[in-house]
Amino acid sequence: MVWTYMPFLRRVRELVGMDAYEHFLGTDFTYADLGFVRLHPQYHLLSEEDRGGKKTYKIEESVPKERAYYSRVITWISKDSRLPIQRDYYDVAGTLWKTETFEEATIDGVPTPIRIHMKDLQGATSTEIRVSNVRYDTDVPDTLFDPVKLPTAADSPAWQNSIAQATKSQE
């Protein structure tokens, strides 16, 4: 199960299969696009090619008909970092619908997506997610992820210490 807390709504939500294709907070991303919901295991290696100056694996994900929000998804994955470089999402008619691109940086020795841009080609809109202050090897108590406690997670000493350390490292 996956849970999310939306502070502006003051509500904890369980993400279930039917929610997979809801737009995440009014953006061009769905929960499934963000990787919160695993669609299925049908992937095929199409080729190996250069993409954006990087050597990549080109992989096709065929979506089962009963879950046909997208008919297929093509992903280019960096051979070096094993992170996606680009994803193309096709509608049920087979027309390119959305393109997602990724920018990565190495943080604490870990390749990390720091910018994700989703462009809805049919709707002529786009959304960008920027990630900052990423820290690895930080102790986070499991109880912090208890759905009942999510509304108070920001008040947790673990979270407050993490924010203080990130602020200090920026000075």
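The values are calculated or read from the model by the stated rules, or taken from the named source; none is laboratory data. As the structure is a computational prediction, the values presented were derived from the model and not from experiment. As a convention, Cβ positions derive from the backbone with ideal geometry for all residues, glycine included, and neighbour counts pool all protein chains shown. For accessibility, only protein heavy atoms count, side chains too; no ligands or nucleic acids. Shrake-Rupley method; radii C 1.70, N 1.55, O 1.52, S 1.80 Å.
Being outside any loop (DSSP other than H, G, I, E, B) and either at pLDDT below 75 or within 16 Å of the chain's Cα centre (by Cα) (or both) is the filter here, so list the residues in segment 12-60 that pass it.
Arg13, Glu14, Leu15, Gly17, Met18, Asp19, His23, Phe24, Leu25, Gly26, Thr30
Does Ile114 meet the test of being among the hydrophobic types (A, V, I, L, M, F, W, C) and farther than 20 Å from Phe24 by Cα?
In short, no.
Give the number of residues within segment 122-145 that are open to solvent by 80 Å² or more (accessible area, probe 1.4 Å), modelled with pLDDT of 90 or more, part of a loop (DSSP other than H, G, I, E, B) and closer than 20 Å to Leu34 by Cβ.
Count: 1.
Return yes when Asp80 is free of Cβ contacts under 8 Å to residues at least 60 places away in the same chain and open to solvent by 40 Å² or more (accessible area, probe 1.4 Å) and no when it is not.
It is true that Asp80 is free of Cβ contacts under 8 Å to residues at least 60 places away in the same chain and open to solvent by 40 Å² or more (accessible area, probe 1.4 Å).
Has segment 65-76 got any residue that is under 19 Å from Ile116 (Cα atoms), open to solvent by 50 Å² or more (accessible area, probe 1.4 Å), at pLDDT 90 or above and not β-branched (Val, Ile, Thr)?
no
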